[in-house]
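Here is the structure we will look at.
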Amino acid sequence: MTNRLDGKVALITGSGGALFDSEFGLGFGGSSAFRFCQEGATVIVSDINDDIGQQFTEELKEKGFNAHYKHLDTTNETEWKKLLIG
Amino acid sequence: MTNRLEGKVALITGSGGALFDSESGLGFGGSSAFRFCQEEATVIVSDINDDIGRQFTEELKEKGLNAHYQHLDVSKESEWKKIINWIEKDFGRLDILVNNAGVTSSPDIFNTNESDWNKANNINSKGCFLGTKHAGILMKKNNSGSIINISSAYGIVASKASFAYHASKGSVIAMSKAAAIQLAPHKVRVNTVCPGWSDTHFTMPLFDNPERVKTIINTVPLGDWIPSDQIAWGVVYLASDESEWVTGTELVIDAGWTAQ
């Protein structure tokens, strides 16, 4: 664990599709979220599958990481505006 | 300073051409040597300019880093055999080779003579071939290794000049792919880094002509010269186990120049 992304805020779409004990691993998004956290970033996990996404974010928090969950359907511009602008 | 290259032995060609206080910076080789050392590799600095190379290695040692110097003319197979034997005897292994040594050649096709062609291709292209071959022989004994060949954005796209340089750097990209396939059974990876406009001693002469500098920078999407240290970080990635499944590809670090 180092600090290559110290102080950076990151949004990763499709990163909430799997948990740490998933048979297929965390996938690109989840693996990136985990490594980003380890490198000191604040990570916003987003996905359309809120149940798993929220659970995965809790798993990251339990490891002491700075993770947050937000719903995001990337095909929907309204949702992008809501997530980015509020 | 972290430990991304901890326990690895690395040879970097053409890495002894500048000192820390050099006006044109350390260049790709020197910057890579410095970052490799900081990431806890054992680094063998090599060059044809032994005076500066040895001084630079001393500067690294004074910072508490694990650096060694060896003379190497990359265009001579006998010198490659000698240095690889020395590395095997003294370190027992070679994990990383950076084929960085290179020269420029600015004439267009009609003004390129055989000597220009031979110089560019003997160092830029043949140097990569010989290094990859002889490092590969040692690396395959350990069934692991990473070879990084420094090409150029000029290996991907062409210009109205630098004919032999384009040819030599293009050959580095194709050669690296062939080597990647042929060394893959031995778990030795081969990749290329293609730097764009960077402020090294290669480009220093351009700075005598401010109009030329302005013209060049106007063509760079990110709008400035790339520090050689930025190239070094790409080389660190390809050298480290973070890129364990990356082989036969190019990492283009050109501030967007070839995307246009």
- prompt: Summing +1 for each Lys or Arg and -1 for each Asp or Glu, what net charge is found among the other residues whose Cβ lies under 13 Å from the Cβ of A:GLU79?
  reply: -1
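Using the heavy atoms of the protein chains alone and a 1.4 angstrom probe, what is the accessible area of the protein assembly as shown per residue in square angstrom? Don't skip to the answer; put the middle values down first.
Working: 17490 Å² over 346 residues.
Ligands and nucleic acids excluded, the figure is 51 Å² per residue.
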- prompt: Can you pull the percent of the range B:86-131's accessible area that's carbon plus sulfur, 1.4 Å probe, other chains left in place?
  reply: 49
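Restricting to Cα pairs below 8 Å that are 6+ residues apart, what does the relative contact order work out to for chain B? Please round to a whole percent.
Numbers: 542 pairs, mean separation 51.5, N = 260.
Worked out over chain B, it gives 20 percent.
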query: Expressed as an acute angle from 0 to 90° and rounded to the nearest 10, what is the orientation of the C-alpha long axis of helix B:228-239 relative to the principal long axis of chain B?
result: 40
- line: For the B:ILE137, B:ASP229 Cβ pair and Förster radius 35 Å, calculated FRET efficiency rounded to 0.05 is 0.65
message: Test of understanding: what is the full-extension gain from A:ALA10 to A:SER31, defined as 0.36 nm times their sequence separation minus their Cα-Cα distance?
response: 6.2 nm
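Using helices alone, what [θ] at 222 nm do you get for chain B, with -39,500 (n - 2.57) per DSSP H run of 4 or more residues, divided over all residues and rounded to the nearest 500? If you can, show how the numbers build up before the last one.
Values: 8 runs with 104 residues, N = 260.
Calculated from helices alone, the mean residue ellipticity at 222 nm is -12500 deg cm²/dmol.
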message: Relative contact order of the range B:115-260, please, whole-number percent, based on alpha carbon pairs below 8 angstrom and at least 6 residues apart.
response: 28
query: In the range B:152-260, what percent of the accessible surface is made up of carbon and sulfur (1.4 Å probe, ligands and nucleic acids excluded)?
result: 59
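Using the Cα gyration tensor of the range B:110-158, with a ≥ b ≥ c the square roots of its eigenvalues, what is the shape: rounded (a/c below 1.5), prolate (a/b larger than b/c) or oblate (neither)? Could the numbers behind the result be given before it?
Values: a/c = 6.11, a/b = 2.08, b/c = 2.93.
Cα axes put the range B:110-158 in the oblate bin.
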field: Förster radius 45 Å - calculated FRET efficiency between B:THR203 and A:ASN66 (Cβ-Cβ, nearest 0.05)
entry: 0.65
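Please report the net charge: other residues with Cβ closer than 14 Å to the Cβ of B:SER228, K and R +1, D and E -1.
On the way: positive: B:ARG35; negative: B:GLU23, B:ASP199, B:ASP224, B:ASP229, B:ASP254.
Neighbour charge sum, excluding B:SER228 itself: -4.
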query: At what distance in nm do the modelled label points of B:LYS177 and B:LYS82 sit from each other, each positioned 7 Å from its Cα along Cα→Cβ?
result: 3.6
task: Please give the residues of the range A:3-37, grouped as numeric ranges, whose backbone N is less than 20 Å from a label point set 7 Å along the Cα-to-Cβ vector of A:ILE85.
output: A:11
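Hey, got the dipole for the protein assembly as shown? About the Cα centre, +1 on K and R Cβ, -1 on D and E Cβ, debye to the nearest 20? Display every interim value, and only then the final one.
Details: 31 positive and 43 negative charges, 180 e Å.
So the dipole magnitude of the protein assembly as shown works out to roughly 860 debye.
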Other-chain or far-sequence residues with amide H under 5 Å of B:SER146's (modelled H): B:ILE96, B:LEU97, B:ARG189
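With an 8 Å cut-off on Cα pairs and a minimum separation of 6 or more residues, tell me the relative contact order of chain A in percent.
Details: 158 pairs, mean separation 25.2, N = 86.
Dividing the mean separation by the residue count of chain A yields 29 percent.
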Spread of Cα-to-Cα distances over 10 Å intervals beginning at zero, given as percent, for chain A: 20, 51, 26, 3
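Based on the Cβ-Cβ distance of A:GLU39 and B:ASP50, what FRET efficiency does E = 1/(1 + (r/R0)^6) give at R0 = 30 Å, to the nearest 0.05? Each step should come with its number before you reach the end.
Numbers: r = 40 Å, r/R0 = 1.32.
That gives a FRET efficiency of 0.15.
The values are calculated or read from the model by the stated rules, or taken from the named source; none is laboratory data. Everything numeric in this text was worked out from a predicted model, so none of it was measured. Neighbour counts run over all protein chains shown; Cβ positions are idealised from the backbone, glycine included. Keep in mind that these areas ignore ligands, DNA and RNA; they rest on the heavy atoms of the full protein, side chains included. Shrake-Rupley method; radii C 1.70, N 1.55, O 1.52, S 1.80 Å.
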